[in-house]
Amino acid sequence: MKAKSFKWVSVTTIKGKTYWRFRRTGYDTYYFKAAIGTKAFEREYAACLEREPITIGAGRIEPGSVSDAIARYYADNAYLDLRASTQTVYRGVLDRFGKQFGDVSLRRFDADRIARLMTSMRDKPHAAARLRKLLTQLFIVARRARLVPYSFNPVGDTKPPKAESEGYHRWSEEELALFEATYALGTKPRLAYSLLLYAAQRSGDVRLMTHSMIADGRIRLAQSKTSAFVDVPIVAPLREALDAGPLGARTLLETRDGEPFTPKGFYNMLKKACIAASIPHCSPHGLRKSAARRCREAGCSNEEGMAITGHKTEREYLRYAGDSMRATHADAAMVKVLARRSENLAKGKSQVPDKALKT
């Protein structure tokens, strides 16, 4: 595939090695990690298109300021080695932080100030944890560049607010049935829903899923977030949804303009569908959790469930699957306890100590 197939993509040679790069006026240059023509390359390109432009005036940075540390981080391997989709998320967080505190000296962000910042974000615990994680990276770069003293590590003396919820709501069977009753096969929301639930993949992978990822009755792809390779069967409900469509020309799901959905566009399309189905508290992110829950309730081992969802750790898989089997496990445990008690009684073993009988 030639570079001209992708706008703003060109080829360059550095020290005898050829690289494909994304160059667009007003935006950061990005060097692709995947080979051109691959699905991984297409995902990186889509992430580049979703980036925010460089802020005008970013070159006028006060040395030692928050903006100075952010600019150095963007040029550091710790950032450049990230996937394009992750870079987009991190840049959004840091650009917003820089817009508020960009001219402030980084030395003024001591542990007390960061702790107060975390407290002010108690209503957004996950966002607070992500910002704290990125502040750690900023101080690593700042210490190396001697913007702050080598021993200055205030983030380590703080904690993010505790997240009381488990994140996105895990759909119940009743909520799944409501959605299916509202959106029949052959509608775009039902197709998106079916891919999320029965393929058990993230929204970022589903919205960019192509026809070539489907072959021999299976879906095969490398997940964009973790690079984990999944090879899942196309079960009957998903096959029905795929046969009913509507399928796009390039990606399975496309907008009315024939373009792949952006993250926001995909979320909004399904969120509006949830509201119409009288389940406004549900979102597309919760469908993968429902898929994991179904695996666990069906008696699948953790290894079997993780092969479907692509999770790399049991801890993360179980966080998605939930503990809906707690009551069942408790019942099974008590059956075993009572069975053991009956065995002891049948053998003539007294349940009362001899010393107690004498008194």
Looking at (1) open to solvent by less than 80 Å² (accessible area, probe 1.4 Å); (2) modelled with pLDDT of 80 or more; (3) farther than 18 Å from VAL230 by Cβ; (4) within 20 Å of the chain's Cα centre (by Cα), can you tell me which one GLY322 breaks?
-> (2)
Residue count for region 46-70, restricted to those that are under 22 Å from VAL104 (Cα atoms), at pLDDT 70 or above, surrounded by 13 or more Cβ atoms within 10 Å (Cβ to Cβ) and of a type outside the set (Asp, Glu) | 7
If you go through region 81-106 one residue at a time, how many are touching a Gly at 6+ places or on another chain (Cβ under 7 Å) and either at pLDDT 90 or above or open to solvent by less than 30 Å² (accessible area, probe 1.4 Å) (or both)?
-> 2
Could you list all residues from region 256-289 that are of a type in the set (S, T, N, Q), surrounded by fewer than 16 Cβ atoms within 10 Å (Cβ to Cβ) and under 25 Å from THR88 (Cβ atoms)?
-> THR262, ASN268
Could we say that ALA298 is open to solvent by 40 Å² or more (accessible area, probe 1.4 Å), more than 23 Å from ARG315 (Cβ to Cβ) and small (Gly, Ala, Ser) here?
-> no
Looking across region 213-230 at residues that are at pLDDT 90 or above and among the charged types (D, E, K, R), the single one that is most open to solvent (accessible area, probe 1.4 Å) is ASP216
Determine, yes or no, whether ASP112 is surrounded by fewer than 18 Cβ atoms within 10 Å (Cβ to Cβ), within 17 Å of ASN153 (Cα to Cα) and out of contact with any strand residue (DSSP E or B) (no Cβ under 8 Å at 6 or more places or on another chain).
-> yes
Working only within region 70-111, note down all residues that are touching a residue at least 24 places away in the same chain (Cβ under 8 Å) and in a loop (DSSP other than H, G, I, E, B).
-> ASP76, ARG83, GLY102, ASP103, VAL104, PHE109, ASP110
Has region 124-131 got any residue that is more than 21 Å from the chain's Cα centre (by Cα), at negative phi and assigned to a helix (DSSP H, G or I)?
-> no
Of LEU147, LEU135, the only residue that is surrounded by 16 or more Cβ atoms within 10 Å (Cβ to Cβ) and in a loop (DSSP other than H, G, I, E, B) is LEU147
ARG293 vs. criteria buried (at least 21 other Cβ atoms within 10 Å of the Cβ), on the phi < 0 side of the Ramachandran plot and out of contact with any Cys (no Cβ under 9 Å at 6 or more places or on another chain) | yes
Per-region count, region 184-211, residues open to solvent by less than 40 Å² (accessible area, probe 1.4 Å) and closer than 30 Å to LEU117 by Cβ | 2
Tell me, yes or no, whether region 163-183 has at least one residue that is outside any helix (DSSP H, G or I), in contact (Cβ under 8 Å) with a residue 12 or more places away in the chain, in contact with a Pro (Cβ under 9 Å, 6 or more places away or on another chain) and open to solvent by 50 Å² or more (accessible area, probe 1.4 Å).
-> yes
Check whether at least one residue in region 172-179 is closer than 23 Å to THR251 by Cβ and either of a type outside the set (Phe, Trp, Tyr) or out of contact with any Ser or Thr (no Cβ under 9 Å at 6 or more places or on another chain) (or both), and report yes or no.
-> yes
Scan region 254-307 for residues that are among the small types (Gly, Ala, Ser), outside any helix (DSSP H, G or I) and free of Cβ contacts under 8 Å to residues at least 40 places away in the same chain and jot them down.
-> GLY258, ALA298, GLY299, SER301
Can you name the condition, by its number, that LEU247 falls short on among (1) open to solvent by 30 Å² or more (accessible area, probe 1.4 Å); (2) under 23 Å from MET306 (Cβ atoms); (3) part of a loop (DSSP other than H, G, I, E, B)?
-> (2)
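The values are calculated or read from the model by the stated rules, or taken from the named source; none is laboratory data. Nothing here was measured: the structure is a model prediction, and the numbers come from that model. In this analysis, Cβ positions are derived from the backbone assuming ideal geometry, glycine residues included, and neighbour counts consider all displayed protein chains. Accessible surface is based on the protein model in full, side chains and every heavy atom, while ligands, DNA and RNA are left aside. Shrake-Rupley method; radii C 1.70, N 1.55, O 1.52, S 1.80 Å.
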